[in-house]
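The values are calculated or read from the model by the stated rules, or taken from the named source; none is laboratory data. Since we're looking at a predicted model, the values are computed, not measured. All Cβ positions, glycine included, derive from the backbone under ideal geometry; neighbour counts span all protein chains shown.
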Amino acid sequence: MSKKILVVDDDPVQQKHICNLLGEVDATVILAANGQQGVDKARQEMPDLILMDVVMPEVDGFAACRQITTAAETKAIPVVIVSSKNQEADKVWAQLQGAKAMISKPFTDQDLLKQVNQFL
């Protein structure tokens with residue numbers, strides 16, 4: 001059975017790029033355009049991995065990550081933050097919100113695929 005990966009990013013170009021990369025992995029890709037949609041789709045779809053942007057409208061990625069990683073039904077889903085916010089404080093904050101890893105934008109295709117394969 002193929003794995004499910006939820007990609008939460010408000011940038012359609014970034015979504016498309018990540019989807020194209022994930023074509024190399026045997027996974028079904030689910031998309032969400034903001035943090036609230038990400039939280040909702042995590043509950044509905046129960047993906048095997050979530051790739052989460054930070055700067056998004058409505059609910060940002062840190063808040064969405066916290067909601068997902070603290071809710072009983074979704075807390076086992078690994079969340080990887082994929083963001084241009086790459087200061088050390090951002091990495092610490094991501095961990096405090098429950099993220100399992102953080103990838104800085106711009107990222108290399110190999111870096112993203114390495115993280116994805118680590119959690120699938």
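Evaluation of A72 against the conditions (1) in contact with a helix residue (DSSP H, G or I) (Cβ under 9 Å, 6 or more places away or on another chain); (2) over 20 Å from L120 (Cα atoms); (3) at pLDDT 95 or above; (4) not aromatic (F, W, Y) shows that the sole unmet condition is (1). Taking the range 1-38 as the range and being closer than 15 Å to V116 by Cβ and among the charged types (D, E, K, R) as the test, the residues that pass are K3, K4, D9, E24, D26. Checking Q87, Q67 one by one, the residue that is surrounded by fewer than 18 Cβ atoms within 10 Å (Cβ to Cβ) and either over 17 Å from H17 (Cβ atoms) or under 14 Å from the mean Cα position of the chain (by Cα) (or both) is Q87 and no other. Restricting attention to the range 42-55, the residues being free of Cβ contacts under 8 Å to residues at least 60 places away in the same chain, surrounded by fewer than 24 Cβ atoms within 10 Å (Cβ to Cβ) and more than 12 Å from E73 (Cα to Cα) number 1. On the stretch given as the range 70-84, residues that are outside any loop (DSSP other than H, G, I, E, B) and either free of Cβ contacts under 8 Å to residues at least 24 places away in the same chain or surrounded by 14 or more Cβ atoms within 10 Å (Cβ to Cβ) (or both) total 5.
Per the listing L6, L51, the residue uniquely within 17 Å of D111 (Cα to Cα) and either modelled with pLDDT under 95 or not in a helix (DSSP H, G or I) (or both) is L51.
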